[in-house]
Amino acid sequence: MLPAALCLAALFVVTSPLRAAAAAEPVTSAAPPSLWFAEFSAGLSVIPAGDVTLGGRTYEGDFKDGPFLRGAVGRRFGANWTVAGEWFYRKNELGSLDAGDRRFTRGDVASNSLFLSATYTAGPRFSWQGIEPYAGLGFGWIQELDLDLQGPDGGGFESGSFPAWQWSLGLKRPLAARAEIFLEGRAVAAGERELQGPGGRRLRIAYDAWGLLAGLRWSF
């Protein structure tokens with residue numbers, strides 16, 4: 001229930017200016033003042049429950065929802081396409097790792113990522129009150145993945161960089177000649193990864209995650 005409530009709250013906050021503008025006068029998309037733009041967004045990172053293997057033992061992992069930060073610089077190509085270089089940081093506190101007779105309840109998992117993504121916007125034909133849908137696909141590298149477990153037999157586990165894919169779906173709306181706001185959902189697929197810990201111990205975790213982001217795009 002908590003992720004759903006937070007998502008609804010984020011949607012309410014981001015769309016407040018949209019409802020106010022809709023009550024006044026429809027906004028139509030204008031020609032962008034520049035080919036280049038920068039974006040900043042923040043939101044909620046979600047890691048689904050799944051198996052974590054440590055020391056030959058399988059644990060059922062449960063992670064709490066956490067912060068998700070993103071920055072990007074990109075360029076427009078025509079009226080519908082954009083390409084952007086993106087940086088992500090996400091962190092999720094551990095709810096529990098449970099193997100029946102052994103259990104961890106404290107710790108966290110965090111990662112930094114760099115992606116190159118292409119986005120397609122449907123255009124004014126599919127807009128309503130200036131709100132336009134879009135979809136994106138990207139490929140990149142998760143530079144580092146860290147999982148810290150506190151308690152006996154715990155410690156810090158980390159991996160080197162590895163590739164991942166991502167998908168995004170969102171809605172955007174202009175605020176001014178240079179500014180747009182957006183709300184989007186993202187999914188990242190990295191598959192099962194092996195992390196190395198103290199004493200040569202190894203941990204395996206499926207690092208597929210999703211998130212909800214709200215942000216601002218500024219053309220320059």
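Readers should treat all values here as calculations from the given coordinates under stated rules, not as data from a laboratory. What you see is a predicted model, and the numbers here were worked out from it, not measured in a lab. Glycine also receives a Cβ, built like all others from the backbone with ideal geometry; neighbour counts cover every protein chain displayed.
Okay, here's what the table says:
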item	result
Using alpha-carbon coordinates, inclination of helix 2-24 to the longest axis of the chain, degrees	10
TYR120, TYR134, TYR207 arranged by Cβ crowding within 10 Å, fewest neighbours leading	TYR120, TYR134, TYR207
Inter-site label distance for SER161 and ALA42 at 7 Å from Cα along Cβ, in nm	2.7
Efficiency of FRET from Cβ geometry, LEU137 and ALA49, R₀ 45 Å, rounded to 0.05	0.95
The chain - mean residue ellipticity at 222 nm from DSSP helices (-39,500 (n - 2.57) per run, n ≥ 4, rounded to 500)	-3500 deg cm²/dmol
Chain lengthening between THR105 and TRP218 when straightened (0.36 nm per residue, less Cα-Cα)	36.5 nm
Correct option for mean projected area of the Cα convex hull in nm² [calculated from the coordinates] among (i) 14.5; (ii) 12.6; (iii) 23.3	(ii)
